[in-house]
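Visitor: Mind looking over this structure? Questions follow.
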Amino acid sequence: MGKLKSADEIEIIVGNLKLDGQVIGFTNGCFDILHAGHTQYLKKAKELCDVLIIGLNSDNSVKRIKGEKRPINCENDRALVLSSLEFVDYVVIFEEDTPNRLIKKINPDILIKGADWKGKEVAGCDFVKEKGGECKFIDFLENRSTTNIIEKVLDAYCSKL
């Protein structure tokens, strides 16, 4: 059965989980090169809910947001890696630049974002609050980012060419 679901599949699953009284958490991102910052963030996100759903930006979406050289890893590989984490319950790939449409399908109880989003407009936050849910922010591990990893690899190997 697996953790990777379509938007329509997750809508049905969430409906059943909510009937059972489960608290649904949702977060999203590119998760291009999974690192300790990602895993700590997702582990903390899972502590806020019974079921954690990850909205994963598609390859095309990542390109529009991060530039033509990204993603490094394709969406299916990124979904497979995320699905292997014990604290991730479901992964849904979405094509849009924001997860608004997916959030409206899922209607999570808690929308979770990194603390760097505090004070900014968070896609879906107003909708979640209107439906009685809440938006929570989680601190990141310092100096952990996919961009930093890419730069470190380039510095280490490009200078040797």
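The values are calculated or read from the model by the stated rules, or taken from the named source; none is laboratory data. The structure presented is a predicted model; accordingly, all values stated were derived computationally and were not measured. Counting neighbours? That spans all protein chains shown, and the Cβs are built from the backbone with ideal geometry, glycine included.
Visitor: Between a residue in region 23-46 that is closer than 13 Å to Asp139 by Cβ and any residue that is small (Gly, Ala, Ser), which pairs come within a Cβ distance under 7 Å, given they are 6 or more apart or on different chains?
Guide: Gly37/Ser145; Tyr41/Gly114; Ala45/Gly25
Visitor: Every residue in region 45-66 that is buried (at least 16 other Cβ atoms within 10 Å of the Cβ), of a type in the set (D, E, K, R) and at pLDDT 95 or above, please. Before you say what the answer is, go through the steps one by one.
Guide: Filtering region 45-66 down to residues buried (at least 16 other Cβ atoms within 10 Å of the Cβ) leaves 45-46, 48-49, 51-59, 61-62, 66.
Filter once more, keeping what is of a type in the set (D, E, K, R): 46, 59, 66.
Selection gives Lys46, Asp59.
Visitor: From the residues in region 116-144 that are more than 14 Å from the chain's Cα centre (by Cα) and under 19 Å from Phe31 (Cα atoms), which one is modelled with the highest pLDDT?
Guide: Looking at residues that are more than 14 Å from the chain's Cα centre (by Cα) and under 19 Å from Phe31 (Cα atoms), I get Asp139.
Visitor: Would you pick out the residues in region 90-117 that are crowded, with 24+ Cβ neighbours inside 10 Å and either small (Gly, Ala, Ser) or in a strand (DSSP E or B) (or both)?
Guide: The answer is Val91, Val92, Leu111, Ile112.
Visitor: So Lys69 passes all but one of these: (1) outside any helix (DSSP H, G or I); (2) surrounded by 15 or more Cβ atoms within 10 Å (Cβ to Cβ). Which condition number does it fail?
Guide: Against the list (1) outside any helix (DSSP H, G or I); (2) surrounded by 15 or more Cβ atoms within 10 Å (Cβ to Cβ), Lys69 comes up short only on (2).
Visitor: Follow-up. Here is a check on your reading of the model: is Gly21 in a loop (DSSP other than H, G, I, E, B), surrounded by fewer than 20 Cβ atoms within 10 Å (Cβ to Cβ) and at pLDDT 95 or above?
Guide: In short, yes.
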